[in-house]
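Data block below; observations after.
FYI, it's all coordinate maths here, none of it is from the lab. Bear in mind the structure is a predicted one, so any value in this text is a computation, not a measurement. Cβ placement follows ideal geometry from the backbone for every residue including glycine, while neighbour counts extend to all protein chains displayed.
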Amino acid sequence: MIVLVCGLSGSGKSYIVDKAKVENIGFVSVKASGLLLAGKLPVSGLDVDALIKNQNFLIEQLLLLHANHGNLVVDGHILIETIEGPQLVPDKFFDQLPISSIVFIDSKPDEILRRKPRVLTRIEEIAALSEIEAANGKRLAAKYELLFKTVTDGDINAFRLALHEAVNKSR
């Protein structure tokens, strides 16, 4: 089972996954950007071609990790900011992964901006992109019949509950 934890960069995904101690409830924590960096692939300043290359690499790595470790919590994205503008990760990549649920980390746009300086500096634009990521997460959950949960950044208990619901749904 793979639980995809999504949200914009700086939304608090890594923080909540780390603080929830997912290893204690049978998951291996995987940070997509960590896999990319280990593979010597860029994680910022991407064009669309680099985004596609990165997604193909992530599919290979996540399938290997899933085969070797079983339950994964993947800190990743559904929407990626590129130099050509924001891009949704194409569905064909999600088609290949055994995702059981999607957890969207909801964070205030001003907090996202404070945590992660970026090219985007307008609060309204960050808010809109966050809404797009959440909406596409809901759409993917509906398409693949997955559990979708929204968790407020920093709410460790709600995140743990979402993971328990993912486990129970997969039984």
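A few points about this structure:
- Taking the range 128-138 as the range and being in contact with an Asp or Glu (Cβ under 9 Å, 6 or more places away or on another chain) and either of a type outside the set (S, T, N, Q) or closer than 10 Å to Ile102 by Cβ (or both) as the test, the residues that pass are Leu129, Ala134.
- Selection within the range 18-39 - surrounded by 15 or more Cβ atoms within 10 Å (Cβ to Cβ) and farther than 23 Å from Ala162 by Cα: Leu35, Leu36
- The lone exception for Asn136 - which of (1) surrounded by 15 or more Cβ atoms within 10 Å (Cβ to Cβ); (2) in a helix (DSSP H, G or I); (3) of a type outside the set (A, V, I, L, M); (4) free of Cβ contacts under 8 Å to residues at least 40 places away in the same chain it fails: (4)
- Residues (closer than 23 Å to Ile25 by Cβ, hydrophobic (A, V, I, L, M, F, W, C) and surrounded by 12 or more Cβ atoms within 10 Å (Cβ to Cβ)) located in the range 65-114: Leu65, Leu72, Val73, Val74, Leu97, Ile99, Ile102, Val103, Phe104, Ile105
- Considering only residues in the range 40-64 that are surrounded by fewer than 15 Cβ atoms within 10 Å (Cβ to Cβ) and touching an Asp or Glu at 6+ places or on another chain (Cβ under 9 Å), the one that is nearest to Asp95 (Cα to Cα) turns out to be Val48.
- Within the set Ala166, Ala127, the sole residue that is in a helix (DSSP H, G or I), within 16 Å of Leu8 (Cα to Cα) and of a type outside the set (S, T, N, Q) turns out to be Ala127.
- Which numbered condition Lys31 misses (of (1) among the basic types (Lys, Arg); (2) on the phi < 0 side of the Ramachandran plot; (3) free of Cβ contacts under 8 Å to residues at least 40 places away in the same chain): (3)
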